[in-house]
Each structure stands twice: as structure tokens, then as C-alpha cells.
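Down below is the structure, laid out as C-alpha cells.
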Amino acid sequence: MLVHAIPSNVSYEFAADVRAGLTRVGQKELPSKYLYDDVGSALFEVISHLPEYGLTRADERLLRRHAREIVDRVAGPVAVAELGSGSGRKTRWLLEAFCRRQRTSYYPVEISHSALVMCQRELSDIDAISIVGFEREYLDGLLEVAAYRKNGEHLLVLFLGSTIGNFDRQAAVSFLSQVRCILQPGDSLLLGTDLEKPSSQLIRAYDDELGVTAAFNLNLLGRVNRELGADFDLAQFRHVAKINSEARSVEMHLESMRKQVVSIPAAEVVVEFEEGETIWTESSHKYSAEELFETAGIAGFRCEVQWIDEEWPFAENLLIAE
């Protein structure tokens with residue numbers, strides 16, 4: 001197995017995004033992509049095992065049960081790219097099925113170096129596979145993957161879990177349209193989407209009893225301290241999960257427990273917080289199964305088949321580039 005991690009320097013962009021997000025008029029916010037540094041990625045792996053958070057297990061059940069059918073529906077030869085691979089654990093079912101058919105190139109795209117390392121460890125025992133990892137944001141990494149495409153080779157892009165739910169609906173269509181622009185007609189996208197479910201179930205999933213999700217969220221402030229020299233007192237912020245019924249989403253916030261001032265030297269900013277003021281760190285939008293067909297069509301895809309897990313309502317959608 002060959003692994004090349006191609007790094008990128010995100011410190012300047014991180015500082016700029018922190019400055020812009022925390023000086024916004026009205027709701028302060030930080031981009032959710034920054035939750036996934038080495039510590040955040042490790043914490044999210046723990047979250048995926050929590051009894052309250054059934055999403056990852058639903059994703060894995062569908063991939064395990066339908067891996068052969070998914071592979072059979074994708075014409076070969078095929079290269080596989082994954083946006084946000086994480087540890088690569090749930091991707092194993094698909095890659096093993098592909099490698100029984102052909103030697104397969106796999107391109108994980110991740111902003112977390114530690115996640116790429118975990119991915120290599122997880123998949124190192126699969127025969128007939130080569131891996132080139134890209135330490136990049138999604139679209140930048142996919143553009144580089146497309147440059148590796150061999151003549152006559154189809155590309156299957158994996159966007160698993162519920163990451164598309166981190167975009168609002170308009171932004172999700174825009175993102176999928178940009179993915180489509182990189183692909184060629186006949187290429188495929190396997191898109192994971194979390195489906196609507198009772199609010200009480202969602203709150204438990206995003207504010208678990210052990211407090212792992214709270215630690216995951218608070219680690220974002222820890223990362224600003226570590227990388228940008230800030231003086232956030234994490235004990236003076238608390239994790240909050242709440243339902244946005246209009247947007248059909250769960251929001252994660254960090255709430256200031258008192259009036260305070262935080263200095264962030266590398267971002268060249270001093271930020272004031274009122275008691276009860278929050279930083280919006282992530283949204284997870286939930287879909288109906290039916291609307292995904294329309295969303296795919298607007299973005300330039302055809303939803304060829306949809307598999308739904310009944311235990312934890314979740315869908316894998318195989319989209320074909322028109």
C-alpha cells in the first residue's frame with residue numbers, strides 16, 4: 001500500500017476565519033470544519049460509538065449490507081475518492097468489494113492529518129489497493145484527485161456520514177453542483193444523509209450523557225488557544241444543542257457563562273462576550289427521503305438508487321452525474 005499525504009498550511013486561513021466569525025454583527029460563529037483537528041477527530045471517533053448517536057452505525061450498516069450492490073452499479077474501471085474519510089473504518093466494506101473486482105486507487109481527502117494516518121492504519125491490510133491521501137479541503141482535494149484520473153477511468157466520490165447536513169440547503173445544492181462540475185458524465189457520488197427524526201432523539205444524540213460531544217465542541221476553543229495564542233477559559237463556556245425547527249436542523253453552540261473579554265493575538269482581535277451570548281459552531285440539517293431526489297436533480301445528478309436504514313433513519317444515495 002502506497003500512502004502520500006500532501007499537506008496544506010491552514011494557519012493563516014484559520015486566523016482569518018476566527019477573526020471574521022467572532023467579529024460578526026449579531027450571531028458570532030466559527031466554521032464547523034475547524035472542529036476536526038487531531039483532538040477533535042479523536043473525540044468524534046468516540047462520539048460515533050455512543051449509544052445516543054446512532055448515525056454512524058446506520059451509515060455502516062447500509063454500507064456493509066449493500067456494498068456489493070453499490071459496486072455492481074458503478075461501471076469499471078473505477079477510482080474511489082472520499083471527502084472527509086475520517087478513520088476509513090466504514091469505507092472498508094466498499095473498498096474490499098471493489099478490490100475483489102479490480103485493483104483500486106483510493107484517494108482520501110481530509111483536513112485532519114491524524115485522520116489520514118488513522119485511515120492508513122485502518123486500511124493497510126487490504127490487498128490490491130493503492131492510497132494517496134490529500135490533506136486538503138473537499139473541493140481542492142477533489143480537483144487534485146481528478147488530475148490523477150486515467151483515461152477511461154470512472155470516478156466514484158464518497159461523501160458519507162451526515163457531512164452534507166453541515167451545509168444549509170442552499171449551500172448544499174451549491175456544493176453538490178461544484179462537485180458535479182469536477183466530475184465527468186457517468187461518474188458517481190455516494191451521498192450519506194441523515195433523515196428527519198423526533199427532536200428528543202436528536203438532542204440526546206448531540207448532547208450525550210457522558211459529555212463527549214460537549215468536549216468535542218469545547219475543543220474548538222482549545223484549538224484557538226493552542227494555535228492562535230488565545231486566552232479562552234474553557235470553564236467559562238458550555239456546550240448547547242438546540243433544535244431549529246424552521247431550518248430542520250440541530251445547532252451546536254458554545255455559550256458564554258459570564259461577561260468576559262478574550263484576546264486572540266494571532267488573529268489580531270479582542271472579543272467581548274455578554275453572559276448568555278453564544279458562538280454557533282455547527283448545524284446538522286435533516287432531510288426527508290423524497291427531497292433528496294430533487295436536490296440531486298438541481299445539482300446536475302440523477303439519484304439512481306436510495307438505501308434507507310430503518311433502525312436509525314438514514315439514507316445512502318447513489319447519484320450519477322448527468
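Rounded to the nearest 5, what % of DSSP beta bridges with both residues in the chain are antiparallel?
Roughly 60 percent of the DSSP beta bridges within the chain come out antiparallel.
What percent does the relative contact order of the chain come to when contacts are Cα pairs within less than 8 Å and at least six residues apart?
Averaging sequence separation for qualifying contacts and normalising by length gives 22 percent for the chain.
Mind telling me which of GLY40, GLY229, GLY141 comes out most flexible in a GNM of the chain, alpha-carbon contacts under 10 Å?
Of GLY40, GLY229, GLY141, the Gaussian network model singles out GLY229 as fluctuating most.
Which of these values of Cα extents along the principal axes in Å was calculated from the structure shown: (i) 59, 50, 34; (ii) 79, 39, 31; (iii) 60, 40, 34?
(iii)
State whether the stretch 98-145 is rounded, prolate or oblate according to the following rule on the C-alpha gyration tensor (a ≥ b ≥ c being the square roots of its eigenvalues): a/c under 1.5 gives rounded; otherwise a/b larger than b/c gives prolate, and the remaining case gives oblate.
oblate
State which entries of LYS242/LYS286; LYS28/LYS242; LYS28/LYS259; LYS33/LYS286; LYS33/LYS242; LYS28/LYS286 exceed 21 angstrom in Cα-Cα distance in the structure shown.
LYS28/LYS286
Amide H of VAL269: which non-local residues (sequence gap of 5 or more, or other chain) have their own amide H closer than 5 Å, using H built in the peptide plane?
Amide H neighbours of VAL269, under 5 Å, 5+ apart: ILE264.
Heavy atoms only, 1.4 Å probe, whole protein assembly: order ARG57, ARG92 by accessible area, highest first.
Reading off the accessible areas and sorting them downward yields ARG57, ARG92.
Under the definition of Cα pairs under 8 Å and six or more residues apart, what whole-number percent is the relative contact order of the stretch 7-86?
Relative CO of the stretch 7-86 lands at 14 percent.
Which loop trypsin sites (Lys or Arg not before Pro) in the stretch 124-218, with loop taken from DSSP, have no more than 13 other Cβ atoms within 10 angstrom of their Cβ?
Answer in residue order: LYS150.
Count the net charge of all other residues whose Cβ sits under 12 Å from the Cβ of LEU22, scoring Lys and Arg as +1 and Asp and Glu as -1.
Within the 12 Å Cβ shell, the charges total -2.
Which of the lysines could a cross-linker span from LYS150 if the Cα-Cα distance has to be under 28 Å and same-chain partners fewer than 8 positions apart are dropped?
Cα-Cα hits under 28 Å: LYS90.
Springs between alpha-carbon pairs under 10 angstrom, Gaussian network model over the chain: which of LEU218, LEU254, LEU143 fluctuates most?
LEU143
The values are calculated or read from the model by the stated rules, or taken from the named source; none is laboratory data. Computed from a predicted model, the values in this text were never measured in an experiment. Don't worry about glycine lacking a Cβ; one is built from the backbone with ideal geometry, like all the others, and counts go over all protein chains shown. Surface accessibility is based on the protein's heavy atoms, side chains included, excluding ligands, DNA and RNA. Shrake-Rupley method; radii C 1.70, N 1.55, O 1.52, S 1.80 Å.
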